[in-house]
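Trainee: Here's a structure for you.
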Amino acid sequence: MPAAIPTQVLVLASTSIYRRQLLERLGLPFITDRPEVDETPRAGETPVGTAERLAQEKARAVAARHPGALIIGSDQVAHRGTQRFDKPGTAERAIAQLRNMSGQSIVFHTAVCLLDADSGQSECIGVPTEARFRTLSEAEIVRYVEREAPLDCAGSAKSEGLGISLLEYMRGDDPTALIGLPLIALSRLLRSHGISVP
């Protein structure tokens, strides 16, 4: 029996291929829209606070273009204490990040927000995942960055790809959170808005 079609349009406030592929797993129709949001952390803001604020801001940034829709916003911040590991953007920065994370436990805090564009009401859930990196040699780091080019990923590693080989373990409640969109939490939010999942 096919899934019930949502009565409200679902909009993913992201153009991330990783988040789009994850959301496709739920079998619901949706569209994507690019949020124009400054992702710079605010003074004194915790990494957890940054992720949850940005998830909400991304949803709000596209809401005006989609009246009547349910908007999904998500953001991830990788950190060790107050030290953040952003998207590296260059191979050199990715190598430097991985050197810094070698032998360390890093928390990837992924927030998801569901916003009703008409009412303006939103609900957000944060999902932490602890990833313990092996002690990595310089050759392993360079080889990994050359092979997978993880330049658009917080923390410079793709756990869904070759990056899994850099880790000793992952601990968390939702394996999809580490990839960028926590589907268990999102499914809960969608069900609370009357959308059948599954």
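The values are calculated or read from the model by the stated rules, or taken from the named source; none is laboratory data. These figures come from a predicted structure and were not determined experimentally. Methodologically, a virtual Cβ is constructed for each residue, glycine included, from the backbone with ideal geometry; neighbour enumeration extends over all protein chains shown. Remember, those area values only see protein heavy atoms, side chains included, never the ligands or the DNA or RNA. Shrake-Rupley method; radii C 1.70, N 1.55, O 1.52, S 1.80 Å.
Trainee: Per residue of the range 128-142, in order, report the coupling 6.51 cos²θ - 1.76 cosθ + 1.60 (Karplus, θ = phi - 60°) as ³J(HN,Hα) in whole Hz, putting x for Gly and Pro.
Mentor: These are the phi-based 3J(HN,Hα) values: x, 10, 9, 10, 9, 7, 5, 6, 9, 7, 4, 5, 5, 4, 5 Hz.
Trainee: Quick one: ranking Leu181, Leu151, Leu136 by accessible area, 1.4 Å probe, largest first, what do you get?
Mentor: Largest accessible area first, the residues go Leu151, Leu136, Leu181.
Trainee: Quick one: accessible area per residue over the chain, 1.4 Å probe, rounded to a whole number of Å²?
Mentor: It amounts to 48 Å² per residue over the chain.
Trainee: Rank these by accessible area, largest first, 1.4 Å probe: Tyr169, Tyr144. Numbers along the way, then the final one.
Mentor: Numbers: Tyr169 65, Tyr144 5 Å².
The residues order as Tyr169, Tyr144, largest area first.
Trainee: Search the structure for amide H atoms under 5 Å from the amide H of Leu136, placed 1.01 Å from N in the peptide plane, and list their residues when 5 or more places away or on another chain.
Mentor: Gly103
Trainee: Please give the solvent-accessible surface of His193 in Å², to the nearest 10, using a probe radius of 1.4 Å with every protein chain present.
Mentor: 70
Trainee: In Å, what Rg and Dmax follow from the Cα atoms of the range 17-61?
Mentor: 13.1, 39
Trainee: Hey, another quick one. Between Gln21 and Arg65, what is the FRET efficiency for a Förster distance of 22 Å, r being their Cβ-Cβ separation, to the nearest 0.05?
Mentor: 0.45
Trainee: Same structure, new question: In whole percent, how big is the carbon plus sulfur part of the accessible area of the chain, probe 1.4 Å, protein atoms only?
Mentor: Its accessible area is 51 percent carbon and sulfur atoms.
Trainee: So how much accessible area does Glu92 have, in Å² to the nearest 10, using a 1.4 Å probe?
Mentor: Rounded to the nearest 10, that gives 130 Å².
Trainee: Can I ask one more? May I ask you to compute the full-extension gain from Glu39 to Arg191, defined as 0.36 nm times their residue separation minus their alpha-carbon distance, rounded to one decimal in nm? Let's see the in-between values first.
Mentor: Details: separation 152, 0.36 × 152 = 54.72 nm, distance 2.89 nm.
Contour length minus the Cα-Cα distance gives 51.8 nm.
Trainee: Starting from the coordinates of the alpha-carbon atoms of the range 39-105, obtain the Kirkwood hydrodynamic radius over all distinct pairs and give the value in Å to one decimal.
Mentor: Result for the range 39-105 stands at 13.8 Å.
Trainee: Apply the Karplus curve 6.51 cos²θ - 1.76 cosθ + 1.60, θ = phi - 60°, to the phi angles in the range 150-161 and return the couplings in whole Hz, x for Gly and Pro.
Mentor: Karplus-based 3J(HN,Hα) across the range 150-161 equals x, 7, 10, 10, 4, x, 6, 8, 9, 5, 7, x Hz.
Trainee: Right, another one. Just read off the accessible area of Asp116 with the full protein assembly in place, 1.4 Å probe, to the nearest 10 Å².
Mentor: Rounded to the nearest 10, that gives 30 Å².
Trainee: Please flag any cysteine in the chain that has no other cysteine's Cβ under 4.7 angstrom from its own Cβ.
Mentor: Cysteines of the chain left without a disulfide-compatible partner: Cys153.
Trainee: Kirkwood Rh over Cα pairs of the range 96-198 into Stokes-Einstein at 20 °C, 1.002 mPa s: D in µm²/s?
Mentor: Answer from the Stokes-Einstein relation: 142 µm²/s.
Trainee: If you take every DSSP beta bridge whose two residues both sit in the range 1-113, what share of them, in percent to the nearest 5, is antiparallel?
Mentor: Here the share of antiparallel DSSP bridges comes out near 65 percent.
Trainee: Taking all pairs of distinct Cα atoms, average 1/r, flip it, and tell me the Kirkwood hydrodynamic radius of the range 20-131 in Å to one decimal place.
Mentor: Over the range 20-131, the inverse of the mean reciprocal pair distance is 15.3 Å.
Trainee: Shifting gears a bit: Mind listing the phi-derived Karplus ³J(HN,Hα) values for the range 89-94, rounded to whole Hz, using 6.51, -1.76 and 1.60 with θ = phi - 60°, and x for any glycine or proline?
Mentor: Per residue, the Karplus-derived 3J(HN,Hα) values read x, 9, 4, 4, 5, 4 Hz.
Trainee: Can you give the relative contact order of the range 1-84 as a percent, counting alpha carbon pairs under 8 Å and 6+ residues apart?
Mentor: 35
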